[in-house]
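Accompanying notes for the structure given below.
The values are calculated or read from the model by the stated rules, or taken from the named source; none is laboratory data. Being a predicted model, the structure only gives us computed values, none of them experimental. Neighbour counts are summed over all protein chains in view; Cβ atoms, including those assigned to glycine, are modelled from backbone coordinates with ideal geometry.
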């Protein structure tokens, strides 16, 4: 579901004209739809309603304070992977007691900060980490709430760089070692309180089968750990994929739900497949969506600078580069790109959309059929709300873009555009 559509031949976010935003605030420019984020949270919350559940939004997907505040006000919790993300959540009005802290390399400072703030649970990824949390908690005179992340060795059949549930991945503890780890920790780590079990098999899953396989495999393990250690929750992780190829022709639409043959994983198929397996556990179920919540809620606006026609390629050179959106280069990520002014004809030309960065890998699209656009025209890179700005950098000493949150016809700057002085802050010659 998304709220981007053409109205009077101009692309809108909700009731806001995107060309007007581009002209007023400049490009590159990230624009987010608050209505889309809200709808996604509420629809997932409804799908999981038969369970005692908590949605913990994965902050790494999009950590803008306005996005976090929106989710906090909806009652959401947060999946964090650094002390910095916890700091952001608190600044946005989020509740630390609804935060789970994941990640394989938590530092002492991060563990201390999380304990002082009273987070819900550490999701530990190794026995060494569990023992270190126990040590730090003891020195602070505190009890640390912990869960262990199990690696179920399930192939999520997603991109190699975002799969996390196989034995060769760095995340979690091997399935066949988990029970021994729980037993040793219970005996030998008096400053830990065992609260649950966590898993996460990967990101951008577009089929329900890997979820079903993982839940089916792990549920008996959860039952045994519950009986032996009286845990209170089971976290099923995130990974619900989004559709990167969306229709803009018929106004706001739930294209994803209306075209199951193109994208078989819907909230309906997801809930119908896993909720019946989870209900008998009698535990609180945590879900940690990131991309699903914000991916289709954001676009990156960019302006065409030049056209270059060569013997092999036609290039549309734009002012947004891989420093602004690295997914196409890093993950071979495909993003739909459309002009802000709706084309009058169906004519298309095959082009590469490339940025100004001094790298051959600096592209937003290659061999893409796009309507004819010229210098000065604006384009929207769709489904850029997740892993867009959060992975942006100052490579080539380029200031990072501004971010806008739209609610109906109101557009609010939620992060100002960096200046060159901002980029150099803290440096000395």
Point to revise | Answer from 251, 238 - the residue that is at pLDDT below 90 and touching a strand residue (DSSP E or B) at 6+ places or on another chain (Cβ under 7 Å) | key: 251
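One line per residue, one yes/no per condition, for (1) touching a strand residue (DSSP E or B) at 6+ places or on another chain (Cβ under 9 Å); (2) within 29 Å of residue 204 (Cα to Cα):
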site: 309; (1), (2): yes, no
site: 331; (1), (2): no, yes
site: 347; (1), (2): no, no
site: 353; (1), (2): yes, yes
site: 357; (1), (2): no, yes
site: 372; (1), (2): yes, no
Study note, to complete from the structure: Within the range 120-157, residues in contact with a helix residue (DSSP H, G or I) (Cβ under 7 Å, 6 or more places away or on another chain) and either farther than 30 Å from residue 213 by Cα or without any contact (Cβ under 8 Å) to a residue 12 or more places away in the chain (or both) come out as 133, 136, 137, 140, 142, 143, 144
Review point. Could you say which residue among 267, 283, 305 is touching a strand residue (DSSP E or B) at 6+ places or on another chain (Cβ under 6 Å), over 17 Å from residue 383 (Cα atoms) and in the same structural domain as residue 99 (by TED's automatic domain parsing)?
Key: 283
Review point. Across the range 353-369, what is the total count of residues that are surrounded by fewer than 18 Cβ atoms within 10 Å (Cβ to Cβ) and assigned to a strand (DSSP E or B)?
Key: 3
Point to revise | Candidates 33, 82, filtered to the one that is surrounded by 22 or more Cβ atoms within 10 Å (Cβ to Cβ), under 29 Å from residue 323 (Cβ atoms) and either touching a residue at least 12 places away in the same chain (Cβ under 8 Å) or outside the structural domain of residue 405 (by TED's automatic domain parsing) (or both) | key: 33
Practice item. From (1) modelled with pLDDT of 95 or more; (2) surrounded by fewer than 22 Cβ atoms within 10 Å (Cβ to Cβ); (3) not in a helix (DSSP H, G or I), pick out the condition that doesn't hold for residue 55. Key: (2)
Practice item. Tell me, yes or no, whether the range 61-74 has at least one residue that is assigned to a loop (DSSP other than H, G, I, E, B), over 19 Å from the mean Cα position of the chain (by Cα) and more than 26 Å from residue 303 (Cα to Cα). Key: no
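Quick one: which residue in 379, 405 is more than 22 Å from the chain's Cα centre (by Cα), touching a residue at least 24 places away in the same chain (Cβ under 8 Å) and closer than 27 Å to residue 34 by Cα?
After ruling out the rest, the residue left standing is 379.
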Practice item. Please work out if residue 187 is surrounded by fewer than 16 Cβ atoms within 10 Å (Cβ to Cβ), at pLDDT 90 or above and closer than 17 Å to residue 235 by Cα. Key: no
Practice item. Can you tell me which residue among 329, 397 is free of Cβ contacts under 8 Å to residues at least 40 places away in the same chain, surrounded by 17 or more Cβ atoms within 10 Å (Cβ to Cβ) and outside any strand (DSSP E or B)? Key: 329
Practice item. Could you please let me know if residue 416 is free of Cβ contacts under 8 Å to residues at least 40 places away in the same chain and within 23 Å of the chain's Cα centre (by Cα)? Key: yes
Exercise for review: Return the total of residues in the range 1-21 being touching a residue at least 24 places away in the same chain (Cβ under 8 Å) and surrounded by fewer than 22 Cβ atoms within 10 Å (Cβ to Cβ).
Suggested key: 10
